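Each remark here refers to the structure printed beneath this line.
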Amino acid sequence: MKKIAVLTSGGDAPGMNAAVRAVVRKAIYEGLEVAGVFNGYQGLIEGKIELLQLGSVGDIIQRGGTILRSARSAEFRTLEGREKALKQLKLNGIEALVVIGGDGSFRGALELTALGLPCVGVPATIDNDINGTELTIGFDTALNTVIDAIDKIRDTATSHERTFIVEVMGRDAGDLALWAGLAGGAETILVPEEKYELPNIIERLKSGTGRGKKHSIIIVAEGVMSAAELAEILKREAGIETRISVLGHIQRGGSPSARDRVIASQYGAKAVEVLIEGRGSIAIGMRNHVVVEYELADVFEQSDGLDMDMYKLSKELSI
Ligand code: F6P
């Protein structure tokens, strides 16, 4: 193998740049040429491909976002689109691809593999929802952003003796909500994986107030409902006044945490190793703190679900 390419796709995540840097530097270290594809799969279809050098990825390890930019491509979901993408790779002499992104991006990689291109997926999404890996790039930074917000909200919630509802991202996964709720000492955490009982939430809020609690924080994952909807329900069903805070895309930005930079470097380098050793259709991840590789197809076959021990613990500690 002489030349590979790297792209970032789907929702961006802090640490994507560190992963791009690792792929580029490791590839060059191993004597390969490496090209960057700009604007994800859409850019691939359009041939937005440039050769990268060691210096192209200098001074980016600490930057959020992605220098390769990202996009969601409807055209790539068609066979015609994927064939155009392959043609561009061929035209540029590219023999394999590293895809940095979430599960939609991994699906794209799997489909390219089916057309004969070796691909490795590097998990990067703040949602931490890729099956087969304990940790995705960007999750730790997003989590710390949420914690910072909760701590600030707690100050004003205490001063005014209010109940706050904080809505966090995560799409259909509750990891961000659960970890943030546990680390932020939230009274109630709503995640898509577990059915919520409204009477329980109301009872917890009321008994907290009865015990002289000055404030309450409820974390709601966007996959359950919006903070505004929950506020409306609590007002209607129990007369409970709340304030809401929707953290939105601030969760996707910012300088990556040390943890995200480290795993991004490890995952990126491992992806290049896998390709050099002649394997395609592989996902990179972390299991028991060890960087591992596994079949890309497994991402879509087994569901890791929510960490139920952690969920139980969050309930025990917020009585
Ligand atoms: O997958 C990352 C994510 O931030 C989700 O948490 C969220 O639901 C979605 O992307 C938002 O997507 P967009 O930036 O396209 O609005």
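The values are calculated or read from the model by the stated rules, or taken from the named source; none is laboratory data. Only a predicted model underlies this, so the values are computations on that prediction, with no experimental measurement involved. Backbone-built Cβ (ideal geometry, glycine too); neighbour counts: all protein chains shown. Calculation scope for accessible area: heavy atoms of the full protein, side chains included, ligands and nucleic acids excluded. Shrake-Rupley method; radii C 1.70, N 1.55, O 1.52, S 1.80 Å.
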Complete set of residues in region 84-128 that are closer than 30 Å to Ser257 by Cβ and either open to solvent by 40 Å² or more (accessible area, probe 1.4 Å) or hydroxyl-bearing (Ser, Thr, Tyr) (or both): Asp103, Gly104, Ser105, Arg107, Leu110, Thr125
Test: residue in region 151-159 that is within 16 Å of the ligand (Cβ to nearest atom), in contact with a helix residue (DSSP H, G or I) (Cβ under 9 Å, 6 or more places away or on another chain) and touching a residue at least 24 places away in the same chain (Cβ under 8 Å): no
Filtered residues of region 131-150 (kept if farther than 18 Å from Arg259 by Cα and within 16 Å of the ligand (Cβ to nearest atom)): Asn131, Ala149
Cross-chain or 6+ apart pairs with Cβ under 6 Å, region 302-315 first and part of a loop (DSSP other than H, G, I, E, B), then surrounded by 14 or more Cβ atoms within 10 Å (Cβ to Cβ): Gln302/Asn131; Ser303/Asn131; Asp304/Asn131; Leu306/Gly174; Leu306/Glu193
Residue, least open to solvent (accessible area, probe 1.4 Å), within region 244-282, restricted to residues that are within 25 Å of the chain's Cα centre (by Cα) and of a type in the set (Asp, Glu): Asp260
Sole residue being away from the ligand (no atom under 16 Å from the Cβ), buried (at least 19 other Cβ atoms within 10 Å of the Cβ) and within 17 Å of Gly121 (Cα to Cα), chosen from Ala22, Ala13: Ala22
Selection count, region 200-243, where residues are open to solvent by less than 30 Å² (accessible area, probe 1.4 Å) and within 16 Å of the ligand (Cβ to nearest atom): 5
Top-ranked residue of region 160-199 - restricted to ones that are of a type in the set (Asp, Glu) and within 14 Å of the ligand (Cβ to nearest atom), ranked as most open to solvent (accessible area, probe 1.4 Å): Asp172
Filter result (charged (D, E, K, R) and either part of a loop (DSSP other than H, G, I, E, B) or surrounded by fewer than 17 Cβ atoms within 10 Å (Cβ to Cβ) (or both)) within region 54-83: Asp59, Arg63, Arg69, Arg72, Glu75, Arg77, Glu80, Glu83
